[in-house]
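Written out below as structure tokens is the structure these notes cover.
The values are calculated or read from the model by the stated rules, or taken from the named source; none is laboratory data. On a predicted model such as this, the values are computed, not experimentally measured, just so you know. Note that we place each Cβ from the backbone using ideal geometry, even for glycine, and neighbour counts take in every protein chain shown.
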2 protein chains.
Amino acid sequence: MSTEPITNNEVKEVSQQNTPKQPKKETKKEQLKFLVKTPKGTRDYFPKTMNARETAIQTITRCFRRHGAVTIDTPVFELKDILTSKYGEEGGKLIYDLADQGEGEKLSMRYDLTVPFARYLATNGVKKIKRYQIGKVYRRDQPYMTRGRQREFCQCDFDIAGEYDPMIPDAEIVSILNEVLTDLEIGTFRIKINHRKLLDAIFVLAGVPREKFPAIFSAVDKLDKVSWEDVEKEMVEVKGLDRAVAQKVGEYVKMHDKPKAMYQKLVDMKLGETAKDAMNDMKLLIEYCDALGCLDNVEFDMSLVRGLDYYTGVIFEAVMVVGNTSVGSIAGGGRYDNLVGIFGANKIPCVGFSVGLERIMIILEEKLSKSSKLHEAQTEVFVASVDKNRLINRLQYLNRLWEVGIYAETLQRVNPKIKQELRDADEIGCRFAVIFGGSELEEKKVVLKNLITQKQLTIDDDKLIPALVYRLTHKDTYLTEDPEMFATEEEVKQFKQVRHQLNVFN
Amino acid sequence: MSTEPITNNEVKEVSQQNTPKQPKKETKKEQLKFLVKTPKGTRDYFPKTMNARETAIQTITRCFRRHGAVTIDTPVFELKDILTSKYGEEGGKLIYDLADQGEGEKLSMRYDLTVPFARYLATNGVKKIKRYQIGKVYRRDQPYMTRGRQREFCQCDFDIAGEYDPMIPDAEIVSILNEVLTDLEIGTFRIKINHRKLLDAIFVLAGVPREKFPAIFSAVDKLDKVSWEDVEKEMVEVKGLDRAVAQKVGEYVKMHDKPKAMYQKLVDMKLGETAKDAMNDMKLLIEYCDALGCLDNVEFDMSLVRGLDYYTGVIFEAVMVVGNTSVGSIAGGGRYDNLVGIFGANKIPCVGFSVGLERIMIILEEKLSKSSKLHEAQTEVFVASVDKNRLINRLQYLNRLWEVGIYAETLQRVNPKIKQELRDADEIGCRFAVIFGGSELEEKKVVLKNLITQKQLTIDDDKLIPALVYRLTHKDTYLTEDPEMFATEEEVKQFKQVRHQLNVFN
């Protein structure tokens, strides 16, 4: 029913300013002192886009639920103090604050769903939970809408909080991430894994001074975008690291391989006591992931850093792969054992990941745009009349259809032309039309038309619901008077129950 | 898996300050300079609450979709100018602004979904759409959490935009609102209807000076909470209306009745030319609603005003009814033909309503709390072992179950006790357990246990999936070796397809 513009908001904004398409409205537009657009870095979602998004969210939810997860929700804004200093220097700058309107509380929009989750655990005294949360987060970042980088965007988070035996939750997290990306059918992906403490150990071994760790982390973090030469240059020339130390760091972080092979390489390198805990963790992780059958898409990548300050153990990142090159991160996460403790509650170990829905949707929408006829609405039956002044009858038919749960519409005109009605039905994508005129009404008959085959059948009016229910439940579109092809009273009742079912109490 | 506190956030906040339960942690708590709570007027949603909310949202969505609606999404904040002066004096004060962080755009949180929808139509040049939108809105109102009055809350909106023949969309709106509230099974409700222009006409007839209209509207608006005497007093003593005029207004606005009866009364009163348009609208509305079979719960109430400035025609409000008294508004809406035009686009007539989810949920959660055993997760099968060091085997079983789409979990311990495992399974609410020890593994057998009947059956390991799939698809929990009660290979394949189905392209 709506038109979906190809141009994005940024383009529209300009064109709205520059192209006065309707000269008549000029005076009115001049009176309008502001642009009618969405804020910078945000967008409207159109019906087709929303259908695709909701389907993707359902797929992701199904994976999460399959692993026994429950869902929660937290406010879109938090007390500013809750969010401050959890995201590292870069992240901190990007937090949206609310204006002080005399409320006595300083508030900020959530930057991710992880810190609010940790706050949730602390506030509510929850000691263990396997939860997912799907919601919008906000960053005052430079927006690149076409690459899916927005200021308002949706994240799908899965986390396991609580005391468990080492690495079992971590392995399940990898397994779930693998299932989510597989079920979404987005193409080839790779899940990179690494360990914060392994990075620490390697920096120690290479001789990086402890105070330079954050600076060198952030340099290594760029390795997926720029060459090692550039990273080394930054380390030496900008961050003041000794060249020999930088080269030693390079020897380690350039390594990546299949998990078991990479683990063996590190064992052979004899990293010693410093790396022992991290190596034990990685050993268990790989063993458990193997048992869970999710190692095929996993790569042990020593250059994986992940910028956020709160990670303490294993870290993950999922990337799309084209040929042999990884393009664009689509999910990330890791273990953060100290975050909940910061909020004054008992220390509660946590591990989890976040899927960035926007980048996933760019891939899925591209696939979607290639598929043939796509309808925004799900209307099944269009009610039409061939002669004038039948609006009341059309409304009565609609009521009967809605009453059993059939998705139905009619043209909202008193006296539409039948051609216009059928054009509308086709545009919406209805499979059937119910058509009548005065003569049918008199004889208590009605025409049922298949809008795809263009075949039609005149039936007794009281057979209309049974005929439609049969075809909708059997996904059959064949029209015949065969008595087998009409739903029984019991079947209509069942259909109605299923269509109207409210599941609150089951 | 989580604990759901009975106390609300406000209570927690105080108790967290005053009750140092763990003296050991005192030092840490002292270091914490801020309260770990949600912002004033907001709350966390726990898993059980979320399950109930999502079920309610599904029910509402199904009603909307049945009428051919599509969905859209808009940003949580808008340019401040877009929202300003659309909500009347009272509403305007309650808008949340974002802080100016050097972005060059003044932003505010959305106050409802209607103004953003009108902005959406104007920005994207959409001329007609039947859309629903479910999302959070924000008001800096005085929060009364227990009565469902929050600063962050969810609205479910349905609107029809576009040029149609008079009152057909309006009648469909009443019909949908009626269906939504019926399907939600929240108890007895009533949909009040009135017309803005009818109120205007009555004020003219009563002799209210034009400049006093807004003040007198706002006085009448209180009639559902206070007595007519108090309203009259406010009109005369505070708003300076002539007592005779106030009494005349009272004669009209105290009237309410079944739609047809009320309409006839107004006809008999011969309101004349001033009320002609509004009376024509009401005549058609009642006629069409009758054809749509949704008049039973409708009442024509002359005191219905609805505060928002943007309404131009028919207005609605749904209230819960206990005995003969209406308690609390749960939905509201009306026609707003000029709002889109304000944004410089062509005038696009609109009509719609908004269901306030929070009040609905207070009613549903109360019902919910009376129902017996309720589980937060949907896990179907728990994997357990009776002897030590079987974690890898448990993970392998999990992988097999997840692979076909069965919802499964295990205890995240290396060596759990079987008692603990079964307790956990029961807590989660699993129907089945898969149990094995070394002897079963050697003989390639496994024990399938029904956790409700406590009956169990030892079967060949390769029969496990067929046995579970049969019972999950047939909702059967009976355990037997009857070969009929194992799914065929084809059925397992189908089950897997259904469980993993991604519907983007159908």
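A few comments on the model shown:
Rundown of residues vs (1) free of Cβ contacts under 8 Å to residues at least 40 places away in the same chain; (2) surrounded by 19 or more Cβ atoms within 10 Å (Cβ to Cβ); (3) within 13 Å of chain A (Cβ to nearest Cβ); (4) in contact with a Ser or Thr (Cβ under 7 Å, 6 or more places away or on another chain), yes/no style:
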{"position": "B:ILE428", "(1), (2), (3), (4)": "no, yes, yes, yes"}
{"position": "B:ALA433", "(1), (2), (3), (4)": "no, yes, no, no"}
{"position": "B:GLN456", "(1), (2), (3), (4)": "yes, no, no, no"}
{"position": "B:ILE459", "(1), (2), (3), (4)": "yes, no, no, no"}
{"position": "B:LEU464", "(1), (2), (3), (4)": "no, yes, no, no"}
{"position": "B:PRO483", "(1), (2), (3), (4)": "yes, no, no, no"}
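- Scanning the stretch A:436-453 turns up no residue that is within 13 Å of chain B (Cβ to nearest Cβ) and over 39 Å from the mean Cα position of the chain (by Cα).
- Candidates B:ILE134, B:ILE82, B:ILE129, filtered to the one that is surrounded by 23 or more Cβ atoms within 10 Å (Cβ to Cβ), under 28 Å from A:ASP141 (Cβ atoms), out of contact with any Pro (no Cβ under 7 Å at 6 or more places or on another chain) and among the aliphatic types (A, V, I, L, M): B:ILE82
- Remark: pairs (first residue in the stretch B:246-270, touching a residue at least 40 places away in the same chain (Cβ under 8 Å); second residue aromatic (Phe, Trp, Tyr) and surrounded by fewer than 19 Cβ atoms within 10 Å (Cβ to Cβ); Cβ separation under 9 Å; 6+ apart in sequence or on different chains) = B:VAL253/B:TRP228; B:LYS254/B:TRP228; B:ASP257/B:TYR263.
- None of A:PHE353, A:PHE382, A:PHE316 is closer than 30 Å to A:PRO466 by Cα, modelled with pLDDT of 90 or more and in a strand (DSSP E or B) except A:PHE382.
- The sole residue among A:GLU366, A:GLU427, A:GLU376 that is modelled with pLDDT under 95, under 24 Å from A:THR49 (Cα atoms), outside any strand (DSSP E or B) and in contact with a Pro (Cβ under 9 Å, 6 or more places away or on another chain) is A:GLU376.
- Residue within the stretch A:310-324 that is polar (S, T, N, Q), surrounded by fewer than 17 Cβ atoms within 10 Å (Cβ to Cβ) and away from chain B (no Cβ under 12 Å) present: yes
- Residues of the stretch A:435-454 satisfying the condition of being loosely packed, with under 15 Cβ neighbours inside 10 Å and of a type in the set (D, E, K, R): A:GLU442, A:GLU443, A:LYS444
- With a requirement of 3 or more residues that are at the interface with another protein chain (Cβ under 8 Å from one of its Cβ atoms), the helices (runs of 4 or more DSSP H) lying completely within the stretch A:60-174 that satisfy it span A:114-124.
- Across the stretch A:36-59, the qualifying residues are those that are β-branched (Val, Ile, Thr) and in a helix (DSSP H, G or I), and the one among them that is surrounded by the most Cβ atoms within 10 Å (Cβ to Cβ) is A:THR59.
- Residue that is acidic (Asp, Glu) and touching a residue at least 12 places away in the same chain (Cβ under 8 Å), where the choices are B:ASP230, B:ASP242: B:ASP242
- All positions within the stretch A:210-248 that are within 29 Å of A:VAL319 (Cα to Cα), in a helix (DSSP H, G or I) and of a type in the set (Gly, Ala, Ser): A:ALA215, A:SER218, A:ALA219, A:ALA246
- Of all the listed residues (B:GLN420, B:GLN412, B:GLN396), the sole one being among the polar types (S, T, N, Q), assigned to a helix (DSSP H, G or I), within 10 Å of chain A (Cβ to nearest Cβ) and more than 35 Å from the chain's Cα centre (by Cα) is B:GLN396.
- Any hit, the stretch B:189-209, residues being away from chain A (no Cβ under 14 Å), in contact with a helix residue (DSSP H, G or I) (Cβ under 7 Å, 6 or more places away or on another chain), free of Cβ contacts under 8 Å to residues at least 60 places away in the same chain and not in a helix (DSSP H, G or I): yes
- Only one of A:GLY328, A:GLY307 that is of a type outside the set (A, V, I, L, M, F, W, C), part of a loop (DSSP other than H, G, I, E, B), more than 25 Å from B:ARG390 (Cβ to Cβ) and assigned by the TED database to the domain that holds A:LYS248: A:GLY307
- The residues on offer are A:LYS260, A:LYS254, A:LYS239, and the sole one that is in contact with an Asp or Glu (Cβ under 9 Å, 6 or more places away or on another chain) and surrounded by fewer than 17 Cβ atoms within 10 Å (Cβ to Cβ) is A:LYS260.
- Residue match in the stretch A:330-340 (condition: under 22 Å from A:LEU177 (Cβ atoms), more than 26 Å from the chain's Cα centre (by Cα) and buried (at least 16 other Cβ atoms within 10 Å of the Cβ)): no
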